[in-house]
Amino acid sequence: MRITRLPAPLLGAIVLSAALTAGLLTPSAARADEADTLAAATVTDASAVCGHAAPTFDDVVTSAATAFRSVVPAQQLSAFDAEVGRFRHDLAAVRVHHDQLPIDPTHGDGRLAELDDPIVTYLVDGLDAVRTGRLDRTMSVSNLTVDEVVEVFILATRIVKIPAQLAVSLVPTAGFFLKFIVGGVFSGVKWLARRVQDQIRDTCATPGAYPKLDLNDADFPAEHIEVPGPIADLAQRVVRTDGSCTPISDLTTATVVERTRDYLAHTDLPLDRAGLAATAANVQEFLRDNRIAKVALLHKTDELGQIVDYLDYGPVTFLASLGFDIAQGRALETTALSEMTVENAYDLTTLTLDVASLLLTGADLVAGWAGVTATVLTPLGMAETLAFAPATYGAPILRGVMQSMCAV
């Protein structure tokens, strides 16, 4: 049957379908093609790059096109190759800002790798890109790897997870438990996506009949991005942790007071400098002379086991932390308020909110047993859930950002 000229959209669909259904990303030997077409170009030896980078979009396109090319009649090869070339160059013309794409933190080091929270990683990398002025850097979609596309998918599922958990938590009575079940489903999807990424990294694009595109920085000039003033100011005051600075979360209250005093002392605000120094000294003395039980200073959730880390729920974290301190014989120890960290204070705040939410939920159950109708309790329960939603879903993200960034 004679094959007519394939339009670019149809070729694109064929390319993507073939890439997904055929084993095109497995290593195989390259075969020379003697035809006087684009396919006669020299093929790059894939073994030289195998295992060092995930296949790019262009690798997928050329592998799929090479496989489909074997069923194209000889008299149509030139037209098919020309269509493949047009499609590849059209795809190469689409640009993205590389530093606005999420990255996989699991193969790095530091706190981001330990957290493996796509939203936290995206925020930290975005602030770092604003501070260092890297947001203007662009790249071709053709050079975007399949691994990076999977990371975009992981970020999308993490973002969707928040409204999904919020929606099921509004279900009367069972919402509290459904929230964790739905969270487990999304965590399972992320786990599978990470396994796909690992498989992709160990896979090489099949040597095909088409040459690599010659794309360089000159083909993609920088494009200026307007950043809102508050975000730009914030980015200038924080820096990504690299092991040489103290994360914001680990700053002690004494250090925060001193940094605040120093900051205000060097501003142009009409302040009484002597009064400011005296007030700071009084606060420091209060923090130094008053103590708090160590059991009130919660450990990081990932130090308390996978279940506690997954739930990330204040009362559960407190009980697990208390058990850890009892086992270590430190349950009766105290520490000065000046030694309490920003994360300790933040955790106490979120613990208070979580306990308040839990008590209100319990009160609703008791009221239901006492005969109060669901038409009264259901709207109250939904309002409570929505009121505590910022603390429930935003607290882990903010904590992760504080753990991953240092104050300049």
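The values are calculated or read from the model by the stated rules, or taken from the named source; none is laboratory data. Just so it is clear, the model here is predicted, and its values are computed rather than measured. Here the Cβ is made from the backbone with ideal geometry for all residues, glycine too, and neighbour counts use every protein chain on show. Protein only, heavy atoms only, side chains kept; ligands, DNA and RNA dropped before computing areas. Shrake-Rupley method; radii C 1.70, N 1.55, O 1.52, S 1.80 Å.
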Legend entry - Exclusive hit being open to solvent by less than 50 Å² (accessible area, probe 1.4 Å), within 24 Å of TYR393 (Cα to Cα) and touching a helix residue (DSSP H, G or I) at 6+ places or on another chain (Cβ under 7 Å), set LEU276, LEU337, LEU298: LEU298
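Please specify each residue of segment 230-252 satisfying the condition of being part of a helix (DSSP H, G or I), of a type in the set (S, T, N, Q) and open to solvent by 30 Å² or more (accessible area, probe 1.4 Å).
In the first step, residues of segment 230-252 are kept if they are part of a helix (DSSP H, G or I); the result is 230-236, 248-250.
This time we only want the ones that are of a type in the set (S, T, N, Q), so: 236, 249.
Scanning segment 230-252 gives a single hit, GLN236.
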Inset, instruction - Of all residues in segment 102-118, count the ones that are outside any helix (DSSP H, G or I) and farther than 17 Å from VAL152 by Cα. - result: 3
Inset, instruction - State whether the residues of segment 326-337 include one that is closer than 30 Å to THR121 by Cα and at pLDDT 90 or above. - result: no
Inset, instruction - Give the residues of segment 262-286 that are hydrophobic (A, V, I, L, M, F, W, C) and either more than 30 Å from THR335 (Cβ to Cβ) or touching a His at 6+ places or on another chain (Cβ under 8 Å) (or both), sorted by residue number. - result: LEU269, LEU271, ALA274
Legend entry - Lone qualifier among VAL168, VAL189, VAL227, VAL196 - being touching a residue at least 12 places away in the same chain (Cβ under 8 Å), closer than 21 Å to THR56 by Cβ and open to solvent by 30 Å² or more (accessible area, probe 1.4 Å): VAL196
Inset, instruction - Could you tell me whether ASP262 is out of contact with any helix residue (DSSP H, G or I) (no Cβ under 7 Å at 6 or more places or on another chain) and open to solvent by 60 Å² or more (accessible area, probe 1.4 Å)? - result: yes
Legend entry - Counted residues, segment 253-294 - those being free of Cβ contacts under 8 Å to residues at least 12 places away in the same chain and part of a loop (DSSP other than H, G, I, E, B): 7
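Across segment 363-376, what is the number of residues that are open to solvent by 30 Å² or more (accessible area, probe 1.4 Å) and assigned to a helix (DSSP H, G or I)?
Within segment 363-376, residues that are open to solvent by 30 Å² or more (accessible area, probe 1.4 Å) and assigned to a helix (DSSP H, G or I) number 9.
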Inset, instruction - Would you point out the residue of segment 340-357, among those that are surrounded by 16 or more Cβ atoms within 10 Å (Cβ to Cβ) and over 27 Å from the mean Cα position of the chain (by Cα), that is farthest from ASP312 (Cα to Cα)? - result: MET340
Inset, instruction - Go over the candidates PHE324, PHE388, PHE318 one by one and state the one that is over 18 Å from ASP117 (Cβ atoms) and in contact with a Ser or Thr (Cβ under 8 Å, 6 or more places away or on another chain). - result: PHE388
Legend entry - Index of the failed condition, ASP214 passing every other in (1) within 29 Å of ASP117 (Cα to Cα); (2) open to solvent by 70 Å² or more (accessible area, probe 1.4 Å); (3) more than 16 Å from the chain's Cα centre (by Cα): (1)
